[in-house]
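**Student:** Handing you this structure, nothing more for now.
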Amino acid sequence: MSVRMAPRLPLIFLLMIHGVSSAGWDVSYSPSHICALKNSSVIMSCTYTYPTKRQIMKVFWSKNPVKDIEPPDLSDDPEYSQRLQYLGDKQQSCTIRLSHVTQKDEHMYCFRGFEINTRQPAKCGYVHSLISWGNLQVEAPERVTEGHNVRLTCKSSCTLTDRATFIWYRNSQPLTERRDGNNQLLLQSVRREDAGRYSCALHGHSYISPAARLSVTYPPKNVSVSISPSEIVEGDSVTLICSSDSNPPAEISWFKENQSSAVGSGRIYSISNISSDHSGEYKCKSINEHGEKYSDAVTLNIMYPARSVSVSISPSEIVEGDSVTLSCSSDSNPPAEISWFKENQSSAVGSGRIYSISNISSDHSGEYKCKSINKYGEKYSDAVNLNVMCEFYDSYFHISYCQLDTCTQKNPGVILTFLRVSVHTQEW
């Protein structure tokens, strides 16, 4: 597992002598080393004692003491006068506060006091030390798998006090429940929501460390398919989009019902000039190194006008008085409305897929056809001919056939026995 370090944030070490004694004078500094964040305020705690029967006329702080050279009073230094506050007195305490600490404040500091009688200063003492910059940074793994534990560390190259309190941030928002004296942040059973940019700070300081990004990896979830446009007409271009939540991003494959191999790949699957052959259920599969998941199936419902319209008749041989059924077959989406027409009649004689004639007679002779119509178009079937014929015996008992309306005109005195209906089809 690779580890990524956030960029460095400057810290300042302010070193002071732990204690100095000179001719009855005693000065103690606590702590002897101070680690401060840039632009923060630091308190240099200090106590002093001096010979009895002496009085202190003046106290002040100096920096970078040099032997046999009188150090300046920092309160007279323009770089310190507005930032240095003396919190002590002329009896025992010599504590000061230095605010808005910058890199220029990397110095040795010491306390001075003048006796009222001798007007001689107490000596500062001498310590030879180099002051260097430190850093504050977050150490975290680049990625962690969902459900695992992960530990983040706020590192500092300077020695912080035992009372240092760390505050952790995710995406610049404080994790108040994580505030403690431990410089480590433990995330147990990591969730996707734990991903983000983590930074740390010390309580009481305004500066926050640069952030380190934590990535949480997990298998595909919430896989779904959307279709555009919502209403699809034959000839349109259609786009199917697979949405998937995963890290790392998943590879997408497309499947159609009753086909074992994928029909496409990628988050977007496009079909141009769509036809009814593309109708059916589609789903996408989302897969990465942690697992795979299929979407629910969606149905491509292709709309098209009526086609393949035809009429069938039952029974094939019909006796006078029988019932005849004409059926209209039509392929369309959405289902078409059916109307029936007879030759030489302007209005429909019936509706619905089935047109029935009961107790058939010569009046029903003629050509019939059906019309299939939906919102996308209409189509007529070819015409079918109901030709009603009669069978009769002449005076010699010979069987003859003719159309019913001419039989008695041509053959007076014929004996009619039954009717047959002959069916012929032709186009109008």
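The values are calculated or read from the model by the stated rules, or taken from the named source; none is laboratory data. All values reported here derive from a predicted model rather than from experimental measurement. Every residue, glycine as well, gets a Cβ built from its backbone with ideal geometry; the counts of neighbours run over all protein chains shown. SASA here: full protein model, heavy atoms, side chains in, ligands and nucleic acids out. Shrake-Rupley method; radii C 1.70, N 1.55, O 1.52, S 1.80 Å.
**Student:** So which residues in the stretch 345-383 are acidic (D, E), open to solvent by less than 40 Å² (accessible area, probe 1.4 Å) and farther than 12 Å from V311 by Cα, if there are any at all?
**Tutor:** none
Here is a yes/no grid of residues against (1) touching a Leu at 6+ places or on another chain (Cβ under 8 Å); (2) open to solvent by less than 60 Å² (accessible area, probe 1.4 Å):
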position: M44; (1), (2): yes, yes
position: Y50; (1), (2): no, no
position: P72; (1), (2): no, no
position: C94; (1), (2): no, yes
position: H100; (1), (2): no, no
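**Student:** Checking K342 against (1) more than 30 Å from S228 (Cα to Cα); (2) open to solvent by 50 Å² or more (accessible area, probe 1.4 Å), only one condition comes out false. Which one?
**Tutor:** (2)
Listed here are the residues, each with its yes/no results for (1) crowded, with 18+ Cβ neighbours inside 10 Å; (2) in a strand (DSSP E or B).
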site	(1), (2)
L185	yes, yes
G204	no, no
R213	no, yes
S224	no, yes
S243	no, yes
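**Student:** Let me ask something additional. Checking the condition surrounded by fewer than 16 Cβ atoms within 10 Å (Cβ to Cβ) and either of a type in the set (V, I, T) or assigned by the TED database to the domain that holds V144 (or both), which residue from V263, V238 passes?
**Tutor:** Exactly one of V263, V238 is surrounded by fewer than 16 Cβ atoms within 10 Å (Cβ to Cβ) and either of a type in the set (V, I, T) or assigned by the TED database to the domain that holds V144 (or both), namely V263.
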